[in-house]
1. Quick one: count up the residues across region 290-310 that are assigned to a loop (DSSP other than H, G, I, E, B) and either under 22 Å from residue 19 (Cα atoms) or of a type in the set (A, V, I, L, M) (or both).
2. Just one of (1) modelled with pLDDT under 95; (2) closer than 23 Å to residue 325 by Cβ; (3) not hydrophobic (A, V, I, L, M, F, W, C) trips up residue 271, so point out which.
3. Please determine, by comparing only the residues of region 313-331 that are part of a loop (DSSP other than H, G, I, E, B) and in contact (Cβ under 8 Å) with a residue 60 or more places away in the chain, which one is farthest from residue 160 (Cα to Cα).
4. Give the residue, chosen from 243, 255, 263, 285, that is more than 30 Å from residue 348 (Cβ to Cβ) and modelled with pLDDT under 95.
5. Look at region 329-373 and say how many of its residues are under 27 Å from residue 181 (Cα atoms), more than 19 Å from the chain's Cα centre (by Cα) and either among the charged types (D, E, K, R) or open to solvent by 50 Å² or more (accessible area, probe 1.4 Å) (or both).
6. Please determine, by comparing only the residues of region 255-289 that are part of a strand (DSSP E or B), open to solvent by 10 Å² or more (accessible area, probe 1.4 Å) and aliphatic (A, V, I, L, M), which one is nearest to residue 219 (Cα to Cα).
7. Just wondering, is there one or more residues in region 74-86 that are open to solvent by less than 50 Å² (accessible area, probe 1.4 Å), farther than 21 Å from residue 114 by Cβ, more than 25 Å from the chain's Cα centre (by Cα) and at pLDDT below 95?
8. State the number of residues belonging to region 163-173 that are open to solvent by 30 Å² or more (accessible area, probe 1.4 Å) and modelled with pLDDT of 95 or more.
Amino acid sequence: MKSLVCFRPGVIGNNTAFEAQASIYKYLQEHYCYQFTIVKSEGDQYDEPAFKIISIPRTAWMSSFHRLGVPKLGGTNKTLEPIFAQADGILTVDPTIYPQGLLAIKIAERLKKPVWFDASLTFANNSQDLIWQLKRRFWIRKALYQATGIIVTVPKCIERFQELGLFDQVIAPKFRIIGHPVDTQRFTPKPKQSEQDGILRVLVVSRMVPEKGLLYILEAMTPLLRSRSNLQLQLLGSGSMRSLLENEVAERGLSEQVIFLNSVPHSEIPDILGGVDVFVNHAVSIRSWEEYFGVVNLEAMSCCLPCVLTSCGGISYAIREKNVAIFVEQRNIIQLREAIVHLLDSDKQRQKMGKRGRDYVENYYALFMVAGKYHRMLQHSLAKDGLALTNTPQPQFR
């Protein structure tokens, strides 16, 4: 059994994108003889019985950085080095965003341990150009040279490294495009509530912030909700825009047909997805954000839900086959409304697209497939250090 430490203080939590990543770790533990230890900060709200979790004080990692985010490279870290020393490899966070990733890579290099980091951001933040030029880029380039591998979700992540001037012949071979997994055994088709009461439900699962395009969805749906008594829009999530959305719904007289659902644990999402008829995500690119991957879209597809989406950020790579989802232009309310009507008016179309979406997820992002890629990446690097797993049991996929 090989031991891996996942070092993510300050950026870890339940009901976040990390849970998709953690599902890979669980699968590897169950099927490939790994043991994962999660290192979090004492203030991080994360708990998972499947893993050994170590909470460290903020001073063990925050005090290691100058104000510009460059770690103090001299000396030892009495808290982290004993933890890292017991591991066969280290997994950490993107050092171009989180200085604690620099710290982990430096300690791993000193201990001669292989170290990988995850990178999901797909665009360069130009507001940090001065810092990059003056202080951080030298140390980050050095960290990338020392890293064993760079795990990205979509090719657009790699393009960001190029934009930051952090892509060359040494760094390029380190990238591995793996993507987020979907547990297709949990995200499965279920009986629709509409089969019982005749009400068609359109669902949005999203943070309630401007870049998620919720106002465009509401605008597209408003005339449909007014003209169709058997239609309901459900908005699941929380965020700064919720009160604005509630006011807009009340002003339009749609309070009985637009249902606001509070955020729920990720374990409850499959049942919610399974009971509705259409899924919509209208993410829009803004100067400081775009969709990095959109795993909830794939989870909806895995539940045989027909999806209406935009090609914002990494979505166009995550979903890259024809006729598995409907794509509309960002902020194009007419296209969005027509796509929703197309699905609402045809149960046959909903079923056909839902089936194609489910097949797509099973072919590209089923948990066992993504975990297998992850295992092969780790195995390749551990083999170089004489640490490869032998006689690894192979899971039964079907």
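1. Final tally of qualifying residues: 8.
2. Unmet condition: (1).
3. Among residues in region 313-331 that are part of a loop (DSSP other than H, G, I, E, B) and in contact (Cβ under 8 Å) with a residue 60 or more places away in the chain, the one farthest from residue 160 (Cα to Cα) is 331.
4. Criteria check complete, one pass: 263.
5. Qualifying residue count, region 329-373: 9.
6. Result: 259.
7. no
8. Total meeting the criteria: 6.
The values are calculated or read from the model by the stated rules, or taken from the named source; none is laboratory data. What you see is a predicted model, and the numbers here were worked out from it, not measured in a lab. A quick note on method: Cβ atoms are made from the backbone with ideal geometry, for glycine too, and the neighbour counts reach across all protein chains shown. Calculation scope for accessible area: heavy atoms of the full protein, side chains included, ligands and nucleic acids excluded. Shrake-Rupley method; radii C 1.70, N 1.55, O 1.52, S 1.80 Å.
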